[in-house]
Amino acid sequence: MSSFNRVTLLGNLTRDPELKKTKSGAAVTELGLAMNRSWSGEDGQRHEEATYVDVVVWGKSAENAAKYLQKGRSVLVEGRLQMDAWQDAKTGQSRTKLRVVGESVQFLGNHQQAGPPLAGAPLAGAPLAAPSLAGASQVEADRTAAAAQSGDSVGWGAA
């Protein structure tokens, strides 16, 4: 059976990225991304809605995102969907969360878009480091271990 799991999102960060490290030292950052949609209804009235998506980024891409991005900045994310499942530590209930694993993140807009200029920041539109498959199994092992210890999907703030 064939399958294809690919996501491309263009939106604005809902919060400043925060860099975290796994026990083995792997860098991980979770980005909150908002995408807006507007349309005219049958009555001609304009409608708007926002969709919010959590994106997890690993390795050098995580480090660069935390270093150079901030709330409000436009980014283009390419990656894949991943369903995380865990037991809620407080209630014991099974929980799931669908998120995007970002494999490529590009900065869009200019450096003044969401705050002061950043010395040494990559040029607008410059891609962050591409993910490396080397050590991927270690990253997955770190992620699973963090989830098991915290009762969370990746060791932080999953709802």
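Comparison of Thr22, Thr8, Thr29 shows that the only residue that is touching a helix residue (DSSP H, G or I) at 6+ places or on another chain (Cβ under 7 Å), in contact (Cβ under 8 Å) with a residue 60 or more places away in the chain and among the β-branched types (Val, Ile, Thr) is Thr22.
Among residues of region 94-109 that are under 15 Å from Thr8 (Cβ atoms), those with a beta-carbon under 6 Å from a residue that is part of a strand (DSSP E or B) and among the small types (Gly, Ala, Ser) at least six positions away or on a different chain give the pairs Val100/Gly79; Val101/Gly79; Gly102/Gly79; Glu103/Gly79; Leu108/Ser74.
The rows are residues; the columns are (1) of a type in the set (Lys, Arg); (2) open to solvent by less than 50 Å² (accessible area, probe 1.4 Å); (3) closer than 23 Å to Met83 by Cα.
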residue	(1), (2), (3)
Asn5	no, no, yes
Leu10	no, no, yes
Leu13	no, yes, yes
Lys20	yes, no, yes
Val57	no, yes, yes
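Consider Glu78 carefully, then state whether it is in contact (Cβ under 8 Å) with a residue 24 or more places away in the chain, open to solvent by 40 Å² or more (accessible area, probe 1.4 Å) and acidic (Asp, Glu). Spelling it out, Glu78 is indeed in contact (Cβ under 8 Å) with a residue 24 or more places away in the chain, open to solvent by 40 Å² or more (accessible area, probe 1.4 Å) and acidic (Asp, Glu).
Would you be able to say whether some residue in region 59-67 is surrounded by 13 or more Cβ atoms within 10 Å (Cβ to Cβ) and under 16 Å from Asn12 (Cβ atoms)? Looking through region 59-67, at least one residue is surrounded by 13 or more Cβ atoms within 10 Å (Cβ to Cβ) and under 16 Å from Asn12 (Cβ atoms). Restricting Tyr68, Tyr52 to residues that are aromatic (Phe, Trp, Tyr) and within 17 Å of Val101 (Cα to Cα) narrows the list to Tyr52.
The values are calculated or read from the model by the stated rules, or taken from the named source; none is laboratory data. Because the structure is a prediction, the values reported are computed rather than measured. Backbone-built Cβ (ideal geometry, glycine too); neighbour counts: all protein chains shown. Calculation scope for accessible area: heavy atoms of the full protein, side chains included, ligands and nucleic acids excluded. Shrake-Rupley method; radii C 1.70, N 1.55, O 1.52, S 1.80 Å.
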